[in-house]
Amino acid sequence: MDVISIVIGVVAGLLLGGLLAATLLKKSIQHKSANLLKDAEVDAEVIKKEKILQAKEKFLQLKEEHEKVINEREKKIVEVENRARQNEQSISKKMEDFGRKEKETETIKENLSRQLVILNTKQEELEKAHKQHVEQLEKVSGLSKDGAKTQLMEALKDEARTDAMAYIKEIQDEAKLTAKQEAKKVVIQTIQRIATEHAIENSVSIFNIQGDDMKGRIIGREGRNIRALESATGVEIIVDDTPEAIVLSCFDPVRREIARLALHQLVTDGRIHPARIEEIVAKTSKNIEDEIVEVGKRTCIDLGIHGLHPELTRMVGRMKYRSSYGQNLLKHSRETANLCATMAAELGLNVKVAKRAGLLHDIGKVPDDEPELPHAILGMKLAEKYGEKPEVCNAIGAHHDEIDMTTLISPIVQVCDAVSGARPGARREIAEQYIKRLKDLESLAMSYEGVLKAFAIQAGRELRVMVESEKVDDKKSEELSFQISNKIQNEMTYPGQVKVTVIRETRAISFAK
């Protein structure tokens, strides 16, 4: 019984101790939880204040940026309004000036009309007085108007004939004494005024070199370099005693420019031999073609002409190296385009169309094949082919009256072409005839089978014909030379004689790999 009581007491003590420990542990946990919750609330309050501060700063920053954008927009709006106000004032001023000028024009028209009426009245009075005067003279002289005129003319004829005979005899006597001296003077003046100018401007370029020792390298061993250069370019290379200069002679300015640039590159590079010459000439020809395209584009930009077909642009560039009766074709076409634009503006017509037609009016003079058609018709067909407007095509085709004019632009182009070409010194017929004769010489040689290239050199006194060695043998070369010379003699008119040289060259080429 005592043992049971002790066990019960121990168990009760353990239970009470456990309950007490649990109570104490619970209170400790509650106290710690309260402390943690309090710390968390403090931390949350701090974070909340920081976030609020950050939000305020961000708001102030956005507000400042927004106000800056708004200020800039307001500034731009004010500037636009100021410009609009200035434009409005300028337009108002121009309208006032226009109205004033219109009133002045009306006043001038009225004055002219009154003066015209007065002039017509005075002219009628003058005619009436003249008629009365003639009638009085007829009564006094007893002769009619026609009879008096006949007698006076007969008397004047006899007197003039006598004076003329005496004057002619005096001139003949004087001419016999001074004929030789005057003839020399006329020939010298003619050479000075015409021949030298044409030769220098139209067929000769001067290439300057640093020293005369370079001339030997350009000529090459036994003349192989200069022959290769002449064969590749079709330009006559004249190496004479002129110090530090070589003369390039050819009627075609494109060939002459290719030869000049190729020679410059060869002299600068220092490697001068036939293979290098052909390579440089081919490269230079391509560069010239690129430059032609660039000149055409720059011309269109300068004149404000847009949407021109690339092929027409290239033809405009080729005008730089063509001449019309001694006048540079590109300068003539640009001048005509500007004249057309000015005249069209004065007449209230389409300025852009007029300028376009003026620039393209001589496009038929620069195609690569140059068929036997009038250049106006050929130019019109090219313009139609490359999508130009009908009024432009008609202006091109009608500027030499080959076709009928259907628009008001056509007579403007015709007149402006004449104005540009008719200026004193603008054109020379002799140069154009000379260039045409050389082109005809080359075309005649190219008409034979087997001919690869033909070049007229020495002012048309020599025709060099390059033939294909596979198609033309040595015997046929001689026959070809004889046939070409006979055809030139029978079909062409030329001064002096023409030397026909047929060149046949055989090449063997292989590559080491």
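Please work out if Glu470 is within 12 Å of Gly450 (Cβ to Cβ), outside any helix (DSSP H, G or I) and free of Cβ contacts under 8 Å to residues at least 24 places away in the same chain.
So Glu470 passes the test.
Spot the failing condition for Arg322; the list is (1) open to solvent by 50 Å² or more (accessible area, probe 1.4 Å); (2) under 22 Å from Gly421 (Cβ atoms), and only one is missed.
Failed condition: (1).
I'd like the full set of residues that are open to solvent by 100 Å² or more (accessible area, probe 1.4 Å) and either of a type outside the set (D, E, K, R) or in contact (Cβ under 8 Å) with a residue 40 or more places away in the chain (or both), limited to the range 27-71.
If the condition is that a residue be open to solvent by 100 Å² or more (accessible area, probe 1.4 Å) and either of a type outside the set (D, E, K, R) or in contact (Cβ under 8 Å) with a residue 40 or more places away in the chain (or both), then Gln30, His31, Leu36, Leu37, Leu53, Gln54, Phe59, Leu60, His66 are the ones that fit.
Restricting the first residue to the range 268-280 and requiring it to be hydrophobic (A, V, I, L, M, F, W, C), which pairs with a second residue that is open to solvent by 70 Å² or more (accessible area, probe 1.4 Å) and in a helix (DSSP H, G or I) meet a Cβ separation below 9 Å and a spacing of at least six or different chains?
Ile272/Arg217
Just to be sure, is Asp173 open to solvent by 30 Å² or more (accessible area, probe 1.4 Å), at pLDDT 65 or above, outside any loop (DSSP other than H, G, I, E, B) and among the acidic types (Asp, Glu)?
yes
The values are calculated or read from the model by the stated rules, or taken from the named source; none is laboratory data. Keep in mind that what you see is a predicted model, and the values were worked out from it rather than measured. Here Cβ is always computed from backbone atoms with ideal geometry, including for glycine, and neighbour counts include all displayed protein chains. Each accessible area value is taken on the protein alone, full model and side chains, heavy atoms only, with ligands, DNA and RNA left out. Shrake-Rupley method; radii C 1.70, N 1.55, O 1.52, S 1.80 Å.
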